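Report on one structure; see the data block that follows.
The values are calculated or read from the model by the stated rules, or taken from the named source; none is laboratory data. Just so you know, these numbers come straight off a predicted model, no measurement behind them. Because the Cβ atoms are built from the backbone with ideal geometry, glycine has one as well, and the counts that use them run over all protein chains shown.
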Amino acid sequence: MKPVALVTGGSRGIGKGICRKLCENGYNVAFNGVRPEDQVQETLEELSSAGTEVIYCQGDISSSDDRSAVIEKIRSHFGRLNVLVNNAGVAPRERKDPLKATEESYERVMRINLQGPYFLTQGAARWMVAQKQENPSFSATIVNVGSISATVVSPKRGEYCISKAGLAMHSKIWAVRLAEYDIPVYEVRPGIIKTDMTSAVTEKYDRLIAGGLTAQPRWGYPEDVGKGVLSLVEGDFPYSTGEVIMIDGGLSVQRL
């Protein structure tokens, strides 16, 4: 029986890279996004071509009703959930000086980047624990996709940085809480990844990378993150719950 993974924000960018890697390695995948299903048909077909079963779960993870609907669709369709990847996230619509930031922007980012994953994890974890209690050999893993912005400051998107710092603690809290059930929780922390989210600042980061911003002189790609997530959910680090895996090309390594 193929394991089932839920990847939020899985229709594009890093999330799609994660979905692709999971599908290629025998996982049935439910990917989530806010767009109508008819707008993600190309992604559905692409992911399904790997030979596993793929479904789309439309929903806004900042909405309690939508989170419940996503879980129930997976329960109804697959009857199990082995992996949760909390990937969905947004940047502020406008980058603003902290002296001019708005509460509206702050609340939107927090609802999607932090509150949504926290309570989606709660719902998924309750189900995973129940499955584990019914079948002790049942395997489950949770991976949170954070960001170097958890520790690297970008003043003009302060709400984003704060949300990712919060997600880092979210990972540790769930790692400790679920350890008794042998459900490991990890965080992967990407650096500069070439996606639609970074497309507007491509020139800026091309210049910075050429100037030595990262130890490895290239952009990161969604497949780099996908490989990291796959390794974690495959159980390659069974005694490392709560740990952070940096996928940033050495950007965060202090250098003289």
| Considering only residues of the stretch 38-60 that are in a loop (DSSP other than H, G, I, E, B) and of a type in the set (D, E), which is surrounded by the most Cβ atoms within 10 Å (Cβ to Cβ)? | D60
| request: For residues that are within 20 Å of the chain's Cα centre (by Cα) and either over 21 Å from M169 (Cβ atoms) or surrounded by fewer than 14 Cβ atoms within 10 Å (Cβ to Cβ) (or both), tally how many sit in the stretch 238-249. | output: 3
| task | State whether one or more residues within the stretch 205-218 are out of contact with any strand residue (DSSP E or B) (no Cβ under 9 Å at 6 or more places or on another chain), touching a residue at least 60 places away in the same chain (Cβ under 8 Å), surrounded by 12 or more Cβ atoms within 10 Å (Cβ to Cβ) and more than 30 Å from E134 (Cα to Cα). | result | no
| query | If we keep just the residues of the stretch 181-204 that are touching a residue at least 60 places away in the same chain (Cβ under 8 Å) and not in a strand (DSSP E or B), which is nearest to V129 (Cα to Cα)? | reply | G191
| field | Hits in the stretch 1-47 (condition: under 15 Å from D196 (Cβ atoms), free of Cβ contacts under 8 Å to residues at least 24 places away in the same chain and among the charged types (D, E, K, R)) | value | E42
| task | For the stretch 214-226, state whether one or more residues are part of a loop (DSSP other than H, G, I, E, B), within 30 Å of E104 (Cβ to Cβ), within 18 Å of the chain's Cα centre (by Cα) and hydroxyl-bearing (S, T, Y). | result | no
| Condition met for R157 (basic (K, R) and either part of a loop (DSSP other than H, G, I, E, B) or under 14 Å from the mean Cα position of the chain (by Cα) (or both)) | no
| task | Being of a type in the set (S, T, N, Q) and outside any loop (DSSP other than H, G, I, E, B) is the filter here, so list the residues in the stretch 7-37 that pass it. | result | N28, N32
| query | (1) free of Cβ contacts under 8 Å to residues at least 60 places away in the same chain; (2) under 30 Å from S154 (Cβ atoms); (3) in contact with a helix residue (DSSP H, G or I) (Cβ under 9 Å, 6 or more places away or on another chain); (4) among the aliphatic types (A, V, I, L, M): which one isn't true of L99, the others all being true? | reply | (3)
| request: Output the residue which, of all residues in the stretch 135-154 that are crowded, with 16+ Cβ neighbours inside 10 Å and without any contact (Cβ under 8 Å) to a residue 60 or more places away in the chain, is nearest to the chain's Cα centre (by Cα). | output: N144
| query | Which of the residues that make up the stretch 169-180 are of a type outside the set (K, R) and surrounded by fewer than 17 Cβ atoms within 10 Å (Cβ to Cβ)? | reply | M169, I173, V176, A179, E180
| Yes/no for I183 being at pLDDT 95 or above, buried (at least 22 other Cβ atoms within 10 Å of the Cβ), over 19 Å from G10 (Cβ atoms) and among the aliphatic types (A, V, I, L, M) | yes
| message | Go through the stretch 214-241 and report how many residues are of a type in the set (A, V, I, L, M) and farther than 20 Å from G13 by Cβ. | response | 1
| Counting only residues that are more than 14 Å from A165 (Cβ to Cβ) and of a type outside the set (D, E, K, R), which one in the stretch 101-115 is nearest to the chain's Cα centre (by Cα)? | I112
| query | Of the residues that make up the stretch 61-77, is at least one of a type outside the set (D, E, K, R), in a loop (DSSP other than H, G, I, E, B), surrounded by 19 or more Cβ atoms within 10 Å (Cβ to Cβ) and touching a Leu at 6+ places or on another chain (Cβ under 9 Å)? | reply | yes
